[in-house]
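The values are calculated or read from the model by the stated rules, or taken from the named source; none is laboratory data. Just so it is clear, the model here is predicted, and its values are computed rather than measured. Cβ placement follows ideal geometry from the backbone for every residue including glycine, while neighbour counts extend to all protein chains displayed. In case anyone asks, the SASA skips ligands and DNA or RNA and just uses the protein heavy atoms, side chains included. Shrake-Rupley method; radii C 1.70, N 1.55, O 1.52, S 1.80 Å.
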Amino acid sequence: QNLQPAIAAVAELPRVTLTDAQLFELRHGRPILADWLKNSPKSAGGREIAAVDQNGWLAAILGERSNSELWPVNNFS
């Protein structure tokens, strides 16, 4: 009863919802291209981004390696 969902630990991070195809890319070690996201990660000011699945569960914490690629810092998917 005291357990909280993982997303609660990163509530202060900007959040993006990933599609099934994007989750597939993460699971196979490939980056998420910033162009694929509705909300540009540049609005995060270079901070890490919480990536959630369609159900709102934390899938990964993403970080920018370049202006167009987001790589998982931590991958939970």
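Here the chain exposes an accessible surface that is 48 percent carbon and sulfur, computed with a 1.4 Å probe and the other protein chains kept in place.
Full extension of the chain segment joining Glu25 with Ile7 gains 4.4 nm, where the gain is 0.36 nm per residue of separation less the Cα-Cα distance. Computed about its Cα centre, the charge dipole of the chain is approximately 60 debye, with only Lys, Arg, Asp and Glu carrying charge at their Cβ. For the chain, the solvent-accessible area with a 1.4 angstrom probe is 65 square angstrom per residue. From the Kirkwood radius over Cα pairs of the chain, Stokes-Einstein at 25 °C and 0.890 mPa s returns a whole-number translational diffusion coefficient of 198 µm²/s.
Dividing the summed helix terms, -39500 (n - 2.57) for each DSSP H run of n ≥ 4, by the number of residues in the chain produces a 222 nm estimate of -3000 deg cm²/dmol to the nearest 500.
Using the Karplus relation 6.51 cos²θ - 1.76 cosθ + 1.60 with θ = phi - 60°, the per-residue 3J(HN,Hα) values for region 10-15 come to 10, 4, 7, 7, x, 10 Hz, with x marking Gly and Pro.
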